[in-house]
Amino acid sequence: MVNKIVESVDEAIAGIEDGMVLAVGGFGPAGVPFTLIDGVYHSGTHNLSVYSNNPGGTGDDGSISGLAKLIQGRRIRRFAGSHIGYNKNFEAQYLSGEIELELIPQGSLSERMRAGGAGIPAFYTPTGANSLVAQGGIPIKYDENGNVTVVSSPKETRTFTRNGDTRDYVLEEAITADFSLIHAYKADPEGNLVFRASGQNFNPDAAMCGTVTVVEAEYIVPTGSLKNDEIHLPGIYVDRVLPLTPEQRSFKPFGALPPASGEQVVQPTHPHNQMGWNRDEMAVRAAQELNDGEYVNLGIGLPTRVADFVPAGTRVTLQSENGIMKMGPAPNYYELDPDIINAGKDSVTILPGGSTFGSSASFAMIRGGHIDKAILGSLQVSENGDLANWAIPGKKIRGMGGAMDLVEGAKTVIVLMEHLDPEGAPRVLPECTYPLTGRGVVDRIITNLGVFDVDDEGLVLIETAPGVTLEMIEERTPVHFRMALQTV
């Protein structure tokens, strides 16, 4: 019997040297190999290139853990992931030229990892084919004065027809790493692994692409005690297994807890003389778009609120791209589980009959056209349905997350957003001025002022919110639109 158990963190990470490439599992606080990352930090290794979904952040108490610790210690030269999040140390180092950033759509990141372990050097995907991901020009490196010095290069694109739909695809190269660091719930001495709930996320994909894959496991079980069909990742992909101590495995930060956790959500009542819908009312209106039997993905931010207002008797299955099917509402405090979070890193529940899976499987559902509707937030939408929701040049670049996959894969895309931005500028425009998430992908727009459809001829105003006149919408919408109006 092969025994892959190692006795110490130093033994687990032995061989990681300056300048190496690491693939690291985890999504938000779930499934992160905190102990292995701490080991790399204490080893003093520098100049690392890291592939992971996000670079970590700080806890509510100001504590720094995971990849955020390596970033604070200036150990990472280049980070490649889908979302920066709110890591102030990372943002400061990026804008001052201390760290390079490669932004990758979330589904492409997981599939590039999986392909690297599957011996597939590259693949075509529709994700990002009509954006800067394919065209190039995304800032990778700044100088100390905040000037962009390196941008992403253009990628090869081709046109393919799938299921009668002809569209553009972009070539993405596989990821391979010198070392992969991942977290598992259970492992046996031969390296067979079981992941738990949304703690699975990128871990199996990262495990596959490493030349040396190191696992930290919460529990070690005897060889043969795991059922054959219980194993999520066979030991052939694993080289070393580090058993976590009770203290180490107890460090599992919770996802953000919504203020309404455990409380019954009350249908909002429209205040007298209020112009337009408030945010809860916008979510109620968006929930009316959901039909019985649909599979639906809700984007982060305001769209997550839609889950609280699904009409009575309407049975929809909510999918979260970090690996949950049949996602439920926020938990009661006594139900909190650090391994169950949604794409916005909020604590949620999983309803009876739900399932969990890895990131590449999740995005296979999305890109494969199995999601009926996606409801997303946005920064801008054009009159022909172009969507821009991941960057404000010169101000904010958070990363595209899973949005580029969703707009190309979901059968219907609905945007839920405020009609004006915080500075009072219109968000519905003749053309988007921010970098595109997708071109011609939006089917319906719901704002606090009304509802537009997007068809082959442009925008159609189909509904106005209470207290909103046509003149108000015209003043705030610098776009010609037609009307098929019903006033509510």
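The values are calculated or read from the model by the stated rules, or taken from the named source; none is laboratory data. Note that the structure is a prediction, hence the values are computed from the model and not measured. Cβ sites come from the backbone with ideal geometry, for glycine too, and all protein chains shown count toward neighbours. Just the protein is used for accessible areas: all its heavy atoms, side chains included, with ligands, DNA and RNA removed. Shrake-Rupley method; radii C 1.70, N 1.55, O 1.52, S 1.80 Å.
In segment 18-39, how many are in a loop (DSSP other than H, G, I, E, B) and either of a type in the set (D, E) or on the phi < 0 side of the Ramachandran plot (or both)? Before the answer, list the steps.
Kept after step one, since they are in a loop (DSSP other than H, G, I, E, B), are these residues of segment 18-39: 18-20, 25-26, 28-29, 31-33.
Restricting the remaining residues to those that are either of a type in the set (D, E) or on the phi < 0 side of the Ramachandran plot (or both) gives 18, 20, 25, 29, 32-33.
Summing the residues that are in a loop (DSSP other than H, G, I, E, B) and either of a type in the set (D, E) or on the phi < 0 side of the Ramachandran plot (or both) in segment 18-39 gives 6.
Going through segment 292-331 one residue at a time, which ones are within 17 Å of H83 (Cβ to Cβ) and in a loop (DSSP other than H, G, I, E, B)?
Result: G299, I300, G301, E321, N322, G323.
For segment 285-307, which positions are at pLDDT below 95 and either farther than 19 Å from G401 by Cβ or open to solvent by 40 Å² or more (accessible area, probe 1.4 Å) (or both)?
Of everything in segment 285-307, those that are at pLDDT below 95 and either farther than 19 Å from G401 by Cβ or open to solvent by 40 Å² or more (accessible area, probe 1.4 Å) (or both) turn out to be I300, G301, T304, R305.
Only residues that are crowded, with 21+ Cβ neighbours inside 10 Å, aliphatic (A, V, I, L, M) and free of Cβ contacts under 8 Å to residues at least 60 places away in the same chain: list them for segment 447-461, please. Break it down stepwise before answering.
Initially, segment 447-461 is screened for residues crowded, with 21+ Cβ neighbours inside 10 Å, giving 447, 449-452, 454, 459, 461.
This time we only want the ones that are aliphatic (A, V, I, L, M), so: 449, 451, 454, 459, 461.
Within segment 447-461, just L461 meets the criteria.
Let's see how each residue does on (1) open to solvent by 60 Å² or more (accessible area, probe 1.4 Å); (2) assigned to a strand (DSSP E or B); (3) out of contact with any Phe, Trp or Tyr (no Cβ under 7 Å at 6 or more places or on another chain):
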site	(1), (2), (3)
V133	no, no, yes
G137	no, no, yes
P154	yes, no, yes
R158	yes, yes, no
G191	no, no, yes
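Working only within segment 246-260, note down all residues that are over 18 Å from G199 (Cβ atoms) and open to solvent by 50 Å² or more (accessible area, probe 1.4 Å).
Quick first cut of segment 246-260, residues over 18 Å from G199 (Cβ atoms) only: 247, 258-260.
Within segment 246-260, E247, P259 meet the criteria.
Can you name the number of the only condition in (1) at positive phi; (2) modelled with pLDDT of 90 or more that G262 fails?
Among (1) at positive phi; (2) modelled with pLDDT of 90 or more, the lone unmet condition for G262 is (2).
When the residues of segment 203-225 are filtered to those that are touching a Lys or Arg at 6+ places or on another chain (Cβ under 7 Å) and not β-branched (V, I, T), which remaining residue is surrounded by the most Cβ atoms within 10 Å (Cβ to Cβ)?
Out of the qualifying residues, it is D205.
Only one of G117, G85, G81, G107 is touching a residue at least 12 places away in the same chain (Cβ under 8 Å) and out of contact with any helix residue (DSSP H, G or I) (no Cβ under 7 Å at 6 or more places or on another chain); which? Talk me through it step by step, then tell me what you get.
Values: G117 fails: out of contact with any helix residue (DSSP H, G or I) (no Cβ under 7 Å at 6 or more places or on another chain); G81 fails: out of contact with any helix residue (DSSP H, G or I) (no Cβ under 7 Å at 6 or more places or on another chain); G107 fails: out of contact with any helix residue (DSSP H, G or I) (no Cβ under 7 Å at 6 or more places or on another chain).
Step by step, each of G117, G85, G81, G107 is checked, and only G85 is touching a residue at least 12 places away in the same chain (Cβ under 8 Å) and out of contact with any helix residue (DSSP H, G or I) (no Cβ under 7 Å at 6 or more places or on another chain).
Spot the failing condition for R167; the list is (1) open to solvent by 30 Å² or more (accessible area, probe 1.4 Å); (2) in contact with a Gly (Cβ under 6 Å, 6 or more places away or on another chain), and only one is missed.
(2)
Kindly list, by first and then second residue, each pair from a residue in segment 351-367 that is not assigned by the TED database to the domain that holds S110 and among the hydrophobic types (A, V, I, L, M, F, W, C) to a residue that is modelled with pLDDT of 95 or more and surrounded by fewer than 19 Cβ atoms within 10 Å (Cβ to Cβ), limited to pairs with Cβ atoms under 6 Å and residues at least 6 apart or on different chains.
Within 6 Å, the pairs are L351/K326.
Taking the options I64, I104, I99, name whichever one is under 29 Å from Y169 (Cβ atoms) and either buried (at least 19 other Cβ atoms within 10 Å of the Cβ) or among the hydrophobic types (A, V, I, L, M, F, W, C) (or both). Steps first, answer last, please.
Working: I64 fails: under 29 Å from Y169 (Cβ atoms); I99 fails: under 29 Å from Y169 (Cβ atoms).
After ruling out the rest, the residue left standing is I104.
Among residues belonging to segment 345-375 that are under 30 Å from P430 (Cα atoms) and out of contact with any strand residue (DSSP E or B) (no Cβ under 6 Å at 6 or more places or on another chain), point out the one that is surrounded by the fewest Cβ atoms within 10 Å (Cβ to Cβ).
Taking segment 345-375 and keeping what is under 30 Å from P430 (Cα atoms), we get 366-367, 369, 371-375.
Now restrict to residues that are out of contact with any strand residue (DSSP E or B) (no Cβ under 6 Å at 6 or more places or on another chain): 366-367, 369.
Details: I366: 24, R367: 20, G369: 14.
This residue is G369.
Of all residues being in contact with a strand residue (DSSP E or B) (Cβ under 6 Å, 6 or more places away or on another chain) and open to solvent by 20 Å² or more (accessible area, probe 1.4 Å) in segment 436-446, which is farthest from R167 (Cα to Cα)? Just the residue, please. Walk me through it before giving the result.
Kept after step one, since they are in contact with a strand residue (DSSP E or B) (Cβ under 6 Å, 6 or more places away or on another chain), are these residues of segment 436-446: 436-438, 441-446.
Imposing the further condition that a residue be open to solvent by 20 Å² or more (accessible area, probe 1.4 Å) reduces the set to 436, 443-444.
Details: L436: 16, D443: 17, R444: 21 Å.
Only one residue tops the list, namely R444.
Would you point out which residue out of D372, D453, D421 is of a type in the set (D, E, K, R) and in contact with an Asp or Glu (Cβ under 6 Å, 6 or more places away or on another chain)?
None of the other options fit; the residue is D372.
Between residues in segment 147-165 that are touching a residue at least 60 places away in the same chain (Cβ under 8 Å) and residues that are of a type outside the set (K, R) and outside any strand (DSSP E or B), which pairs lie under 9 Å by C-beta distance while being six or more apart or on different chains?
Every condition considered, the pairs that remain are N163/G369.
Which of the residues belonging to segment 390-424 are open to solvent by 40 Å² or more (accessible area, probe 1.4 Å), over 17 Å from F452 (Cα atoms) and either among the hydrophobic types (A, V, I, L, M, F, W, C) or part of a loop (DSSP other than H, G, I, E, B) (or both)?
P393, G394, K395, R398, K411, P422, E423, G424
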